[in-house]
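Before any comments, here is the structure.
Taken together, the values in this text are just the output of simple stated rules run on the coordinates, not laboratory data. As the structure is a computational prediction, the values presented were derived from the model and not from experiment. Glycine also receives a Cβ, built like all others from the backbone with ideal geometry; neighbour counts cover every protein chain displayed.
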Amino acid sequence: MSNSLFENKNLRALHRDIGYFFIGLIIAFCVSGILLNHRTQWKPMRYKYDYKQIQTTFRLPKDSVTLDGVKSFNEKNKIADYQGYDFRGDSTLVIFYKGADATISLVNGKAEINMWRQTPVVAQLYFIHMSFRDDNWFKWYSDIFALGLLTIAITGMFLVRGKNSFRKRGWWLALAGLIAPMLAVLLYAGTM
């Protein structure tokens, strides 16, 4: 039993080495998780780097807006990568482009064209957190990461001995830590 995996020095080594291996992804997921939690307040995938206000010929009624009129607007303002347009309410036209949008008041024809870029580093972290598709190799890597975190959690329960061990003190802290997730499940499970 002297060379057992459950011997304290082996648990410490396993806990430490898995932690070292995944430290970069742990930090990336922590930061991107915070960004995801607050994505409605701050849009991490883009920031406004330029805008201009112009006067257009678009006016009410909204039925007067045509695809030809939108294409003419795009050409006149030298905006490429047109993706479509939509209306917000009855009096606002929004034209979408890759990396830009134009918001036009049909009441007075005033428009604001916004140019967007991805927030450096933050957008890449956000992408990592959101990039799990069935055809993506990173999904499998994240599964290995999840198993690594599980290993870190389990080995961490057995590292400390004595009065501060998991058996004497840690179990009630672990139970207390489960209160918030359980409340979330109870409160929000029916809203999904």
Next on the checklist: Rounded to whole Å, give me the distance from the Cα center of the stretch 85-156 to that of the stretch 1-60.
Outcome noted: 14
Checklist entry - Hey, can you list the DSSP H helices of the chain whose Cα span along the axis is 30 Å or longer and whose average Kyte-Doolittle score is at least -0.5? => result 8-37, 137-157
Item to check | trypsin sites (Lys or Arg not before Pro) restricted to DSSP loop in the stretch 122-188 with at most 15 other C-beta within 10 Å | outcome: Arg133, Arg161
Item to check | Label-reachable residues, the stretch 51-73, where backbone N falls under 12 Å from a point 7 Å from Lys110's Cα toward its Cβ | outcome: 53-56
Item to check | Most positive-pole-ward Cα, Val122, Trp171, Ala28, against dipole of the chain from beta carbon charges | outcome: Trp171
Next on the checklist: What do you get for chymotrypsin sites (Phe, Trp or Tyr not before Pro) in the stretch 16-74 restricted to DSSP loop and a cutoff of at most 12 other Cβ within 10 Å of the site's Cβ?
Outcome noted: Trp42
Next on the checklist: I'd like the trypsin sites (Lys or Arg not before Pro) in the stretch 1-83 restricted to DSSP loop residues with at most 13 other Cβ atoms within 10 Å, sorted by number.
Outcome noted: Arg39, Lys78
Item to check | Debye, to nearest 20: dipole size of the chain, +1 on Lys, Arg Cβ, -1 on Asp, Glu Cβ | outcome: 860
Checklist entry - How large is the dipole of the stretch 47-117 about the Cα centre if only Lys and Arg carry +1 and Asp and Glu carry -1, each at its Cβ, rounded to the nearest 20 debye? => result 200
Checklist outcome for this item: Looking only at lysines whose Cα falls under 25 Å of Lys48's and that sit 8 or more positions away or on another chain, we get Lys71, Lys76, Lys78, Lys98, Lys110
Item to check | For q = 0.09, 0.11, 0.18 Å⁻¹, Debye-computed log10 I/I(0) when each Cα of the chain counts as one equal scatterer | outcome: -0.61, -0.76, -1.23
Next on the checklist: Less than 14 Å Cβ to Cβ from Val122, Lys/Arg counted +1 and Asp/Glu -1: what total charge do the surrounding residues give?
Outcome noted: +4
Checklist entry - Taking every pair of alpha-carbon atoms in the stretch 47-117, what share in percent sits in each 10 Å bin, from 0 to the bin with the longest distance? => result 21, 60, 19, 0
